[in-house]
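One structure is given below, encoded as structure tokens.
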Amino acid sequence: MQHGRFLYGLQFAFTIAVCAFLVVPVVMSILAGLTVNYFVGLESGLTLRWVLEVWDGYRDTLFLSLGLALACLVLTLLLGVPLAYLLARSRGRLARAIEELLMLPVAVPGLATALGLIVAYGGLAGFRTSAAFILVGHVLFTLPFMVRSVLAVLSVIDLPTLEEGAASLGAGFAQRFRDIVLPNCRNGILAGALMVVTLSMGEFNMTWLLHTPFTKTLPVGLADAYASLRLEIGSAYTLIFFLLITPLLLALQALARPRRTVFAERDSSAENDS
Amino acid sequence: MMQAVPIYLENCAKTFTDGTRALEPVDLAIAAGETLVLLGPSGCGKTTTLRLIAGLEQPDAGGRVLFGGEDVTALPIEKRNVGMVFQSYALFPNMTVAENIAYGLRLRRQSAAEQRARVGEMLALMRIERLADRSIDQLSGGQRQRVALARALAVRPRALLLDEPLTALDAKLRDTLRFEIDSLLRELGITAIYVTHDQAEAMALGDRIVVMDHGRIAQVGAPRDIYQRPASRYVAEFIGTMNRLSGHAEGEVFRCPGGYVVWPELPATAREILFRPEDTRIAAEGEAASLRGTVSAAFFCGDHVRLFVDVGEERPLVLETPARREYRHGETVALAVERHGLMVL
Ligand SMILES: Nc1ncnc2c1ncn2[C@@H]1O[C@H](COP(=O)(O)OP(=O)(O)O)[C@@H](O)[C@H]1O
Ligand SMILES: [Mg+2]
């Protein structure tokens, strides 16, 4: 007994320590962004000055990141959902190979993917300097996450039979896709969307290489701020990032929650109906 | 109330893209309003035949599927207006029970009032009114099967196709639902094709049974015909239990290791005779006991005993006898066979 309680205590302490290890820097960083002078400490007083300065100087990066994330979401939905559907419906070796290939942009370092894009398309000046260039990189990187999460949902339901059932009732392909496939992918799509938006908002590796002075995203701006300006400004930047991403994630998470709870009943209850 | 159509398969074979020959060329006529059961062991091509009728598979070149006078071979399933009930139910988890039943009506652009009326009718028919607003994951297996039937029937299909609809249910529920499906099919007078590997289910439900063997039709006939006059050893062994004696004919007498059987119509070339357990009985006292054997197993079944008697054959003879008397393992018994039940194949 004594031994068990000791182990439990140890585990508890460890968990708290890990949490603290993760949370303390966040809190410190937020405080730093609100302190008049970080080196003097909190005694120097709290201020919104840094936050406003960041807002004035880096507003554009923020809107670019948001725009990129949303565009990336739209594209991964348009490409990823049909792709996942096709992969789920085909049992062939080709489908499995495509599934594996899709994971490549995740496995390969972002810098390498970015270099590849620059080598291939860097010459197209108009494209190179536009945000679309970054968008392509983000889509490459996030598409597998959308496909995977939709595929995960599709693989647990017997989609072919559900579709056959719908077809027997008179549903053509478009109707089946709208009424049966999409609603049953809903949770996978939402989980995928959560991933895509988060990953696109926070992507730095690839974006850092792909960006131009006119196409700075939020994480790239953050790196600039940390590297070249006062620590307080970098921290205020982090604070804004948090304020932006947290409600977004919470909203998506709320959407992704299953609609109903499952009350499985015993088979014998069927006899009681008649 | 339903528009029953006859269905014809003409020269329908099915070879899958991987080369599997699931069905040899088959001709089959299903009368309007008839319940036809496709029966056979797993892998014999029952589902493939059903899917050809449904329009989920295309027959090999040269095959035709006809609904009444209409050639539907080229029509996809969504244009054939057939009701399907799957073993796994295939109910839509994103819809309630009522929405599932209304789905086919919605596709046919019926008004909300028409849909509501028809759904109510179907719920009442299947006695599941209480379940209308439940989601599918809140239903038991038997309830799901009822919803699947209601959904398939709601659109007034030209034929109802059922693929092992009861296999996933437990034995007691299977009995109840089998009875219900039987009355339902009779009441509706719909052309129905019912796939099963369970011969008892086939006998109970089918107006006619098609016994299938490796993609071929082994026999087509009413349950009674198939049971009493099987066309082949395969059918005889698949339907019910068959007793077998091997030996040779001497005039009217068939001689075998366990004794002899007298049969005036005995063919001179018979090397083997067959008969059902119910045509086998313990010889009465004083009766000439032509067959003798030892009891190798006796199962008490309440009202009767199922006896296995070793008469020196490959397999023991099976018979059912009143449970009044007790039988012990190894005991010697004398048997008699009813002449009208004898057959050679
Ligand atoms: N899509 C398919 N591709 C290849 N072979 C198949 C396919 N569907 C069924 N088969 C094969 O065809 C044969 C008959 O199958 P099926 O009609 O499902 O039999 P049953 O329903 O009588 O169990 C089996 O050998 C099965 O493996
Ligand atoms: Mg089958």
Item to check | the range A:159-219 and the range B:264-300: distance between their alpha carbon centers, rounded to Å | outcome: 71
Checklist outcome for this item: Result row for chain A, helices from DSSP H with C-alpha axial extent 27 Å or more and mean Kyte hydropathy at least -0.5, is A:2-34, A:49-89, A:131-156, A:182-202, A:231-256
Checklist entry - Restricting the count to DSSP beta bridges whose residues both fall in the protein assembly as shown, what percent are antiparallel, rounded to a multiple of 5? => result 75
Item to check | Ordering of B:123-133, A:199-209 by packing [mean C-beta count within 10 Å, highest first] | outcome: A:199-209, B:123-133
Checklist entry - Which whole number gives the average, over all residues in B:70-78, of C-beta atoms from other chains lying within 10 Å of the residue C-beta? => result 2
Checklist entry - Along the positive direction of the dipole of the range B:243-341 (beta-carbon charges: Lys, Arg +1; Asp, Glu -1; about the Cα centre), which of B:T321, B:L274, B:G286 reaches farthest? => result B:T321
Next on the checklist: Placing unit charges on C-beta atoms (Lys and Arg positive, Asp and Glu negative, everything else neutral), compute the dipole magnitude of the protein assembly as shown about its Cα centre in debye, rounded to 20.
Outcome noted: 1420
Checklist entry - If you keep only loop residues by DSSP, which chymotrypsin sites (Phe, Trp or Tyr not before Pro) in the range A:1-109 have at most 10 other Cβ atoms within 10 Å of their Cβ? => result A:F39
Next on the checklist: Given a 1.4 angstrom probe, what's the average accessible area per residue across the range B:132-237, in square angstrom?
Outcome noted: 35
Next on the checklist: At 1.4 Å probe size, put A:K216, B:K172 in order of accessible surface, largest to smallest.
Outcome noted: B:K172, A:K216
Item to check | Segments B:180-190, B:140-150 sorted - mean Cβ within 10 Å per residue, highest first | outcome: B:140-150, B:180-190
Checklist entry - What FRET efficiency comes out for the pair A:T212/A:L249, r = Cβ-Cβ distance, R0 = 25 Å, nearest 0.05? => result 0.30
Checklist entry - With every protein chain left in place, what is the accessible area per residue of the range A:1-47 in square angstrom, probe 1.4 Å? => result 81
Checklist entry - To the nearest 500 deg cm²/dmol, what mean residue ellipticity at 222 nm is calculated for chain A from DSSP H runs of n ≥ 4 alone, each contributing -39,500 (n - 2.57), summed and divided by the residues? => result -25500 deg cm²/dmol
Item to check | Rough spin-label spacing in nm, given labels placed 7 Å along Cα→Cβ, for A:D60 and B:R64 | outcome: 7.4
Checklist outcome for this item: Counting only DSSP beta bridges with both partners in chain B, the antiparallel fraction in percent, to the nearest 5, comes to 75
Next on the checklist: I need the calculated FRET efficiency for the pair B:H304 and A:R93, taking r as the beta carbon distance and R₀ as 51 Å, to the nearest 0.05.
Outcome noted: 0.35
Checklist entry - Taking the Cα centre of each part, how many Å lie between the range B:209-245 and the range B:48-75? => result 26
Checklist outcome for this item: When A and B pair up, the total accessible heavy-atom area removed from solvent (1.4 Å probe), in Å² to nearest 100, is 3000
Checklist entry - For the pair B:N11 and B:R315, how long in nm is the line joining their label points, each one 7 Å along Cα→Cβ? => result 3.9
Item to check | Calculated from backbone phi, Karplus (6.51, -1.76, 1.60) coupling profile of the range B:134-147 in Hz, x at Gly/Pro | outcome: 6, 8, 4, 6, 9, 10, 7, x, x, 5, 4, 5, 5, 5
Checklist entry - For B:K172, which aspartates and glutamates qualify as cross-link partners when the Cα separation must be under 20 Å and same-chain residues fewer than eight apart are set aside? => result A:E265, A:D267, A:E271, A:D273, B:D163, B:E164, B:E180, B:D182, B:D198, B:E201, B:D303
Checklist outcome for this item: Phi-derived 3J(HN,Hα) across the range B:85-99 with the Karplus relation (6.51, -1.76, 1.60, θ = phi - 60°), rounded Hz, x for Gly and Pro, is 10, 9, 4, 8, 6, 6, 7, 7, x, 8, 10, 6, 4, 4, 5
Next on the checklist: To test your reading of the geometry: what angle, between 0 and 90 degrees and rounded to tens, separates the Cα axis of helix B:112-125 from the longest principal axis of chain B?
Outcome noted: 20
Item to check | Percentage relative contact order, the range B:179-235, counting C-alpha pairs under 8 Å, at least six apart | outcome: 22
Item to check | Shielding by other protein chains, A:153-159, mean Cβ within 10 Å | outcome: 1
Item to check | Ordering of B:283-294, B:238-249, B:152-163 by burial proxy (mean other Cβ atoms within 10 Å per residue, highest first) | outcome: B:152-163, B:238-249, B:283-294
Checklist outcome for this item: Note: B:47-56 gets an average of partner chain Cβ contacts (10 Å, Cβ to Cβ) equal to 1
Checklist outcome for this item: Ranked by GNM mean-square fluctuation in chain B (Cα springs under 10 Å), the top entry among B:P277, B:P257, B:P223 is B:P257
Item to check | Dimensions (Å) - the protein assembly as shown, Cα atoms, principal axes, largest first | outcome: 120, 75, 51
Next on the checklist: Tell me the carbon and sulfur percent of the accessible area for the protein assembly as shown, rounded to whole percent, probe radius 1.4 Å.
Outcome noted: 61
Item to check | Hits among lysines - C-alpha to C-alpha of B:K14 under 27 Å, sequence gap 8 or more where chains match | outcome: B:K46, B:K79
Item to check | Phi to ³J(HN,Hα) by Karplus 6.51 cos²θ - 1.76 cosθ + 1.60 over the range B:224-236, Hz, x for Gly, Pro | outcome: 5, 4, 5, 6, 8, 10, x, 7, 8, 4, 4, 5, 4
Item to check | Length added when fully stretched, A:E43-A:L78, from 0.36 nm per residue minus Cα-Cα | outcome: 7.4 nm
Next on the checklist: With n ≥ 4 as the cut-off for DSSP H runs, can you work out [θ] at 222 nm for chain B, using -39500 (n - 2.57) per run divided by the number of residues, rounded to the nearest 500?
Outcome noted: -7500 deg cm²/dmol
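The values are calculated or read from the model by the stated rules, or taken from the named source; none is laboratory data. All of these numbers come straight from a predicted model, not from anything done at the bench. Counting neighbours? That spans all protein chains shown, and the Cβs are built from the backbone with ideal geometry, glycine included. Heads up: the accessible areas ignore ligands, DNA and RNA and are worked out on the full protein's heavy atoms, side chains in. Shrake-Rupley method; radii C 1.70, N 1.55, O 1.52, S 1.80 Å.
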